[in-house]
Amino acid sequence: MVSSPPSDPMRAIAIDVHRGEPDAFTRGPLVKATAGAVLVGDCGSFLLQQRDDVPGIDHPGLIGLFGGHVEPGEGFRACVAREVAEETGHAADPDAFEILTDLRFADPERGELAVGLFLLSNVPTARLQVSEGRLFTVPRSQAGTHFPRMTPVTALALRLALARF
């Protein structure tokens with residue numbers, strides 16, 4: 001448990017952070033569980049989502065991850081595979097998603113949340129058909145310049161992905 005806010009603003013909202021398998025969350029009831037992925041295209045760039053700039057969605061207009069809400073009875077890997085397929089047209093085996101981290105934190109407006117963050121490599125960039133927002137391609141060398149325009153969780157996930165390369 002974090003007793004005081006961490007110095008890293010990307011993790012300031014985190015109450016409990018661990019690096020286990022996100023499908024194993026069992027510590028009490030959740031109000032919401034989500035899973036998201038940083039995609040790495042066969043072009044070598046990061047593939048993210050430029051979110052629509054419309055009222056009523058979380059983080060309108062910002063750069064986000066492909067992903068979404070975990071359905072009842074669904075694990076985090078199954079969720080992220082389903083969401084990536086729905087949002088990009090790219091079907092990948094859930095086991096192909098590499099865990100970056102998982103978080104459990106309190107949102108002042110929505111209660112306790114759990115988020116599984118993943119990395120999927122070798123995605124066929126030219127064949128993607130993005131159905132929500134639009135594709136935002138980020139060369140690895142330019143990733144840091146886009147952090148201010150990303151959702152906080154996206155910036156954290158991309159930092160973790162960069163550390164793997």
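In summary, the stretch 62-165 shows an alpha-carbon radius of gyration equal to 1.08 times the 2.2 N^0.38 Å reference for compact globular proteins. Grouping the Cα pair distances of the stretch 125-165 into 10 Å bins from zero gives a pair-distance distribution of 24, 50, 26 percent in increasing distance order.
Based on the convex hull around the alpha carbon atoms, the stretch 52-104 presents an average projected area of 4.7 nm².
Each value in this text was obtained by applying a stated rule to the coordinates, not by laboratory testing. None of these values were measured; they are calculated from a predicted model.
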